[in-house]
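Data block below; observations after.
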């Protein structure tokens with residue numbers, strides 16, 4: 001009974017959301033809020049014509065590339081800063097400065113300096129995400145258990161073994177934290193990047209629909225993107241978490 | 001034979017400028033296969049000494065010489081808290097400490113002696129403190145060390161558990177007589193375990209007495225004999241109180 005209730009609640013809440021949307025659409029009776037069925041139809045047509053998969057694919061590719069670069073660089077720099085007090089003291093101000101630069105400024109500057117190119121777009125996203133990753137991983141590296149590191153040294157683990165068996169499992173929750181907040185942040189920035197300087201992708205399409213006041217298409221694209229992010233969480237991140245946390249009681 | 005000769009070990013003084021001397025002119029010779037207990041008041045620098053021997057602390061004047069293996073002696077270190085990796089099973093924790101992964105029979109035998117065979121695939125969080133301590137001891141022995149350092153490994157165990165783990169330790173050591181340097185502040189524990197006891201004074205650490213335990217190994221579970229010897233020691237060396 002308990003388990004069926006637990007699985008039923010999220011489905012039920014989604015249905016209620018849809019019902020509220022439907023009621024509002026009927027009540028307003030305006031093109032500015034099309035009913036769920038209308039949006040569903042637009043979504044389906046978009047999928048059939050290949051438009052949604054194409055633009056979604058382009059945006060996802062940008063997301064994967066920029067996110068991977070930001071995570072790899074951010075982890076490396078974060079570990080170094082977390083373990084080296086002098087470097088940390090030197091670069092701390094840089095981090096605060098980069099954290100407080102608005103995303104829009106970095107995007108515009110990248111386009112001005114490097115042209116309206118793919119690499120400028122990726123670079124803009126990376127620069128926006130990188131400081132967040134560094135700050136999170138730096139916290140993790142500072143919190144590493146000294147006792148376990150000492151144990152690894154006394155038993156001559158070596159660099160590789162220590163990184164793999166002592167450091168990585170301790171950084172894992174921080175990396176997952178950076179991944180989750182990172183995905184949410186990066187895809188919002190990518191849309192702006194596409195809106196300002198690319199001729200394909202979700203951001204470009206949304207800009208187009210905005211000029212046409214095509215709310216149904218905007219909602220259809222949004223649903224497609226939210227669905228993809230949810231699937232990523234459910235099929236990749238959750239299973240990874242379960243596997244990595246199996247030692248916990 | 002292992003020769004420890006620490007000329008000086010300084011520590012930054014707390015809350016003021018300058019340094020204070022933790023260890024001064026400490027000489028210690030250990031015969032190979034000998035079980036030596038270091039007994040001293042807490043804070044006298046025993047852990048510092050073990051860290052120096054284990055090469056975790058290089059900031060000192062002096063030398064630690066392993067006569068047969070001058071360069072990289074193998075050290076088994078059993079810390080005061082077990083320091084097991086919580087995300088690795090009991091067996092994985094032991095295997096990780098061994099450089100070549102070829103000694104699975106060796107690990108089996110050690111688990112058997114320490115009565116942990118059925119817990120080898122369990123994660124440390126599910127073990128009691130006494131069991132975790134036994135795993136840490138196995139890890140120390142499994143490396144086949146030139147020297148085994150043990151830093152109050154039975155502290156905060158209840159008396160019966162401590163007695164049980166002590167007797168398992170001695171069984172294991174009699175099968176594999178590695179050189180052991182065992183730190184404790186419990187005189188009874190030292191008498192029950194050691195071939196030789198070295199008494200230390202604090203600030204700076206120095207040796208005040210060094211003597212063999214005259215009680216034969218077969219009579220070490222005789223509480224009365226241990227207590228008699230303890231009283232005699234306290235009488236002979238009032239500083240131990």
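Taken together, the values in this text are just the output of simple stated rules run on the coordinates, not laboratory data. Computed from a predicted structure; not experimentally measured. Note: ideal-geometry Cβ built from the backbone for every residue, glycine included; neighbour counts use all protein chains shown.
Quick notes on this one:
- Selected from A:76, A:19, A:143 as most flexible by GNM, with chain A as the system and alpha-carbon contacts under 10 Å: A:19
- Label-to-label distance, nm, for residues given as residue A:245 and residue B:207 (7 Å Cα→Cβ offset): 5.4 nm
- Between A:20, A:80, A:135, the GNM of chain A built on Cα springs shorter than 10 angstrom shows A:20 fluctuating the most.
- Once the Cβ-Cβ distance of residue A:113 and residue A:19 is raised to the sixth power relative to R0 = 35 Å, the FRET efficiency obtained is 0.10.
- Remark on region B:18-104: ratio of C-alpha radius of gyration to 2.2 N^0.38 Å is 1.33.
- Inter-label distance, nm, simple model (7 Å from Cα along the C-beta direction), residue A:159/residue A:37: 6.5 nm
- The protein assembly as shown - mean residue ellipticity at 222 nm from DSSP helices (-39,500 (n - 2.57) per run, n ≥ 4, rounded to 500): -19000 deg cm²/dmol
- Computed from the Kirkwood radius of its Cα pairs, the Stokes-Einstein diffusion coefficient for region A:94-249 at 10 °C and 1.306 mPa s stands at 86 µm²/s.
- The modelled label-to-label distance for the pair residue B:158/residue B:217, using points 7 Å beyond Cα in the direction of Cβ, is 3.1 nm.
- Centre-to-centre separation between the Cα atoms of region A:96-127 and those of region B:146-209: 62 Å.
- Alpha-carbon centroids, region A:202-249 and region A:128-146: separation in whole Å: 26 Å
- Of all DSSP beta bridges in chain B, antiparallel share, percent nearest 5: 55 percent
- GNM flexibility winner over chain B from B:38, B:110, B:85 (Cα, springs under 10 Å): B:85
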